[in-house]
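Just below is one structure, and these are the notes that go with it.
The values are calculated or read from the model by the stated rules, or taken from the named source; none is laboratory data. Here the structure is a predicted model, which means the values were calculated and not measured. Neighbour counts are summed over all protein chains in view; Cβ atoms, including those assigned to glycine, are modelled from backbone coordinates with ideal geometry.
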Amino acid sequence: MRGALSSDGLLPRPEIETLYESRLGERTESRDRRKRRATLVSTGRVIVFGLGVWCAWLVWDATVLAWPWFLVPVAGFAVLMSWHASLRNDLAKDERSRIFYLRGLERLRGEWAGRGHQGQGFADPKHPYALDLDIFGKGSLFELLATTVSPWGTQRLSEWLTSAGAPAEVRARQAALQELAPRVELREALASEHTGLTEGVDASALASWAARPAELSSSGARILALALGAATVLAGLGWALSWWDRLVFFLAVVVAGVFAMAFRERVERVLAGVEKPARELSVLEVILERIETESFAAPRLVELQRSLSADGEPASSRIRSLRRLVEFLDARRNQMFAPIAFLVLWGTHFAFALESWRARSGAHVAEWLAVVGELDALLALSAYVYENPEDPFPILREDAVIFDAVGLGHPLIHADKLVRNDARFGTEPQLLVVSGSNMSGKSTFLRAIGINTVLAFAGAPVRAHRLELSPFAVAASIHIVDSLQDGISHFYAEILRLRQVLELASGSTSVMFLLDEILHGTNSHDRSIGAEAVVKGLLERGAVGLITTHDLALARMAETMGGAAVNVHFEDQIVDGKIEFDYRMRDGVVTKSNALDLMRSVGLDV
């Protein structure tokens with residue numbers, strides 16, 4: 001599958017790094033050039049402003065014919081203001097494009113940990129594998145993958161990493177990623193418009209507002225609001241021109257005020273509901289507009305693109321209308337305009353306009369956001385595909401329970417430190433018992449199997465030369481944390497997780513269990529009996545997986561299970577008095593321990 005993709009535009013990894021470096025340099029030069037230009041324009045604004053003050057001083061006592069000269073610096077200042085705003089906008093885009101390639105280089109060089117979105121808000125300590133497999137947090141899989149530009153894409157990506165997709169869904173994502181992977185310019189274009197809406201934003205706020213029941217629906221009341229606003233303006237103008245007494249103006253204000261008070265609570269609810277998600281609209285509009293103009297061939301991408309319309313009108317057009325309404329509404333916050341906004345019922349008018357928009361388009365918003373979220377998440381995974389051209393898509397098997405990997409490695413370990421191993425389990429053997437000395441790589445091996453399974457069923461490539469696997473519900477007990485507040489010890493937390501794994505194994509989907517140093521918080525006698533009972537219970541339920549141990553009594557468990565279990569191990573070597581690890585998995589039970597050697601290596605007198 002990856003071979004065909006390479007012919008469609010994927011470069012070898014060194015060439016990708018060269019491309020990113022080149023474009024980073026170009027965007028940096030463009031940013032610096034615009035900075036210099038913006039500085040000149042800003043200086044020009046100051047000069048023109050000074051000329052305007054000087055010109056105003058000159059014509060202060062002059063004839064009426066002299067005053068038009070004052071308009072020259074005023075017009076010049078307005079032009080420079082507009083130019084400066086445009087330069088600042090382009091400068092911000094250049095900077096975001098520069099960061100886009102800088103972050104890409106960091107990922108290619110293994111320097112990305114701690115510099116991206118870590119997804120801590122999505123972390124659930126009760127999830128069956130998220131904490132154990134480093135799905136969220138610093139240096140996590142989510143941080144590596146989360147190049148999303150919207151809160152909806154960020155949310156969708158977190159869902160894909162915490163719940164396995166069905167095989168048909170995974171294959172659809174794979175085809176979409178094949179098409180999207182070479183589109184670096186598309187990812188850059190969206191990243192350059194991105195304004196930081198991936199963290200601290202409620203992804204459901206806009207959809208919730210759009211789906212709420214109408215607060216204002218009377219067309220007669222809306223017409224009356226417009227009439228009262230117009231009457232107040234006319235009354236004020238007539239008073240200023242001495243057409244009539246100020247009493248007429250005050251009366252118009254009172255009538256408009258009574259009307260506003262009658263609708264005040266409902267208007268405030270409408271306006272408060274839209275203010276929270278309002279800052280998402282510009283990003284949403286840009287993403288929609290770009291997606292609508294792209295040409296796609298993959299069935300999933302075509303299907304998603306077709307969903308972005310309402311009654312023949314593009315979704316981006318509808319969102320643009322909403323954004324403009326919100327921008328006009330925000331004008332009432334301007335101190336100069338606020339008194340006028342109060343007199344003409346500005347907020348009431350736009351509350352009715354927003355309700356009209358919601359009645360016309362609100363029912364489509366949730367679907368549009370779902371489409372944007374899926375495409376944004378796919379684009380994030382497509383960057384991972386592009387930047388890891390040597391990683392293949394896994395082969396999904398539905399005819400057997402199997403995990404068969406050749407050259408499996410951990411995707412969070414950089415290539416210059418990565419050690420690969422083969423791994424096969426499923427119908428036979430169901431269980432790999434992994435023994436080994438401390439720090440020899442047992443836990444990392446478990447995490448590599450688990451995290452590649454998560455990648456596979458998110459639709460992404462895997463860190464292996466080849467991987468065939470069937471649908472699995474992953475459950476792990478690797479990083480168990482006690483809780484002082486809840487009065488839960490480490491051992492109790494572990495047995496609660498083991499109960500969760502057993503409950504999952506009773507479901508319809510085959511469970512892959514990854515149990516590290518099972519029941520190491522109790523004595524060896526209870527541990528041996530308890531561990532064997534748990535493992536047999538899992539195997540009887542059709543679950544498959546691995547357990548690790550440095551207790552050789554547990555390693556002998558495989559001998560009692562016939563072909564259902566196989567022993568493998570990791571080991572170390574003493575070279576010139578130092579402990580060295582090769583992190584290679586070998587057949588059989590480990591024959592030595594390194595605990596005393598490790599203790600001596602740190603200076604303990606043992």
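Just to be sure, is Pro299 in the same structural domain as Val371 (by TED's automatic domain parsing) and at pLDDT 90 or above? Answer is yes for this residue.
Checking the structure you have, find out if any residue of segment 424-442 is crowded, with 24+ Cβ neighbours inside 10 Å, in contact with a strand residue (DSSP E or B) (Cβ under 9 Å, 6 or more places away or on another chain) and part of a helix (DSSP H, G or I). Yes - at least one qualifying residue is present in segment 424-442.
Collect the residues in segment 126-157 that are among the hydroxyl-bearing types (Ser, Thr, Tyr) and within 20 Å of Glu387 (Cβ to Cβ), keeping them in residue-number order.
Ser140, Thr147, Thr148, Thr154, listed by residue number.
Taken as a whole, the structure places Leu91 among residues that are within 30 Å of Thr147 (Cα to Cα), assigned to a helix (DSSP H, G or I) and at pLDDT 80 or above. If you filter segment 305-319 down to residues that are in contact (Cβ under 8 Å) with a residue 24 or more places away in the chain and in a strand (DSSP E or B), you find that the one that is farthest from Arg290 (Cα to Cα) is Ala310. Look at Leu514 and say whether it is crowded, with 17+ Cβ neighbours inside 10 Å, within 25 Å of Gly409 (Cα to Cα), within 42 Å of the chain's Cα centre (by Cα) and at pLDDT 90 or above. When the stated conditions are applied, Leu514 passes them. Of all residues in segment 112-137, those that are at pLDDT 90 or above have Cβ atoms under 6 Å from Cβ atoms of residues that are surrounded by fewer than 19 Cβ atoms within 10 Å (Cβ to Cβ) and among the aliphatic types (A, V, I, L, M), 6 or more apart or on another chain, in Phe136/Ala123.
Only one of the listed residues (Leu412, Leu378) is crowded, with 23+ Cβ neighbours inside 10 Å and at pLDDT 90 or above. That residue is Leu378. Would you mind stating whether Gly426 is of a type in the set (Gly, Ala, Ser) and under 29 Å from the mean Cα position of the chain (by Cα)? Against the criterion (of a type in the set (Gly, Ala, Ser) and under 29 Å from the mean Cα position of the chain (by Cα)), Gly426 does not qualify. For segment 387-400, indicate whether the set of residues that are out of contact with any helix residue (DSSP H, G or I) (no Cβ under 6 Å at 6 or more places or on another chain), surrounded by 22 or more Cβ atoms within 10 Å (Cβ to Cβ) and small (Gly, Ala, Ser) is non-empty. Within segment 387-400, none of the residues are out of contact with any helix residue (DSSP H, G or I) (no Cβ under 6 Å at 6 or more places or on another chain), surrounded by 22 or more Cβ atoms within 10 Å (Cβ to Cβ) and small (Gly, Ala, Ser).
Residue-wise test of (1) assigned by TED's automatic domain parsing to the domain that holds His479; (2) of a type in the set (Val, Ile, Thr); (3) in contact with a Pro (Cβ under 7 Å, 6 or more places away or on another chain).
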| residue | (1), (2), (3) |
| --- | --- |
| Arg499 | yes, no, no |
| Leu504 | yes, no, yes |
| Met512 | yes, no, no |
| Asp516 | yes, no, no |
| Thr522 | yes, yes, no |
| Ile529 | yes, yes, no |
| Ala533 | yes, no, no |
| Lys536 | yes, no, no |
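The residues in segment 517-569 that are at positive phi and not small (Gly, Ala, Ser) can be counted, and the count is 2. Per this entry, Ser440 is counted among residues that are closer than 21 Å to Ser477 by Cβ, touching an Asp or Glu at 6+ places or on another chain (Cβ under 7 Å) and of a type outside the set (A, V, I, L, M). Number of residues in segment 443-472 that are in contact with a Lys or Arg (Cβ under 9 Å, 6 or more places away or on another chain) and in a helix (DSSP H, G or I) equals 5.
A quick yes/no check of all residues on (1) modelled with pLDDT of 95 or more; (2) not small (Gly, Ala, Ser):
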{"residue": "Ala370", "(1), (2)": "no, no"}
{"residue": "Ala405", "(1), (2)": "yes, no"}
{"residue": "Asp422", "(1), (2)": "yes, yes"}
{"residue": "Lys442", "(1), (2)": "no, yes"}
